[in-house]
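Working notes, beginning with the structure itself.
The values are calculated or read from the model by the stated rules, or taken from the named source; none is laboratory data. Not measured: the values here are computed from a predicted model. Because the Cβ atoms are built from the backbone with ideal geometry, glycine has one as well, and the counts that use them run over all protein chains shown.
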Amino acid sequence: MSDFWTHKKAIIKLDENGSIDGDLANWLAEKAQNAPYPTPYVLAHFLDGVNWGYFDGTQWKFSHDVCEKYAPKFRKETLIELRMFGQDAEYHLWRDGNGNTFRGRWLTDADVPDDDENGSYDENQILWGTMAHDIADSRWKKMTDGEQGLVHIIPPFDNVDTLPKVNGDDRPLRLKIRHYVECDPDVRVVVSRLVSLSSEPKTKGGQK
């Protein structure tokens with residue numbers, strides 16, 4: 001069963017009883033091909049780690065495919081939730097309360113201006129990673145963090161090659177999140193979605 005919930009700035013289609021038929025990657029490729037807007041990225045959380053994903057129009061590649069040492073297998077048995085996203089839409093899939101089935105929803109922007117009661121704003125969330133390591137025959141990067149010792153394998157994006165190749169104290173990797181707010185009467189975020197990945201390197205003067 002499906003239903004729609006509409007914020008003035010966002011349209012949400014809810015899938016009350018989601019199911020994944022067969023292989024998770026193949027299921028996700030079909031979702032991406034039938035998406036209302038391009039959604040070329042995935043951020044997926046599993047019981048044993050995190051996978052980023054990138055869709056080239058026909059198939060997905062995930063962090064595990066690029067460097068299996070630092071990312072878990074991409075499989076539904078251990079999946080907690082995933083977000084498939086792009087500039088104009090997001091599909092959010094999560095395991096429901098009983099742990100046996102999944103639920104999902106599409107979120108797309110409504111083409112209307114902000115008003116006094118409904119609006120949206122973007123937040124650039126800083127991600128871990130002070131140094132980018134090249135991966136052979138790929139635009140994917142291994143991001144390491146000199147202070148925390150953390151590693152994640154990130155997909156290509158427009159200015160991925162501006163990420164620092166030497167270790168420092170800057171964390172330039174950004175994940176843009178769009179928040180949709182209501183005022184009734186207090187301002188509150190009612191729903192959010194992922195939008196894009198980018199790099200915000202320091203300038204020569206040390207300022208962004």
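Brief remarks on what is shown
- Test: residue in the range 109-116 that is more than 20 Å from Tyr37 (Cβ to Cβ) and in a strand (DSSP E or B): no
- Lys61 being closer than 17 Å to Asp21 by Cβ, modelled with pLDDT of 90 or more and basic (Lys, Arg): no
- Meets criteria (within 22 Å of Lys141 (Cβ to Cβ), hydrophobic (A, V, I, L, M, F, W, C) and modelled with pLDDT of 95 or more) for Leu173: yes
- Within the range 166-188, being farther than 25 Å from Pro40 by Cβ and touching a strand residue (DSSP E or B) at 6+ places or on another chain (Cβ under 7 Å) holds for Val166, Asn167, Val181, Glu182, Val187, Arg188.
- Once the range 9-52 is narrowed to residues that are polar (S, T, N, Q) and surrounded by 14 or more Cβ atoms within 10 Å (Cβ to Cβ), the residue that is farthest from Lys69 (Cα to Cα) is Thr39.
- Among the residues of the range 30-55, those that are outside any helix (DSSP H, G or I) and either among the charged types (D, E, K, R) or touching a Ser or Thr at 6+ places or on another chain (Cβ under 7 Å) (or both) comprise Pro36, Tyr37, Phe46, Leu47, Asp48, Asn51, Trp52.
- Of all the criteria given as (1) of a type in the set (Phe, Trp, Tyr); (2) at pLDDT below 95; (3) assigned to a strand (DSSP E or B), the one not satisfied by Trp27 is (3).
- Residue in the range 63-77 that is within 14 Å of the chain's Cα centre (by Cα) and either crowded, with 16+ Cβ neighbours inside 10 Å or assigned to a helix (DSSP H, G or I) (or both) present: yes
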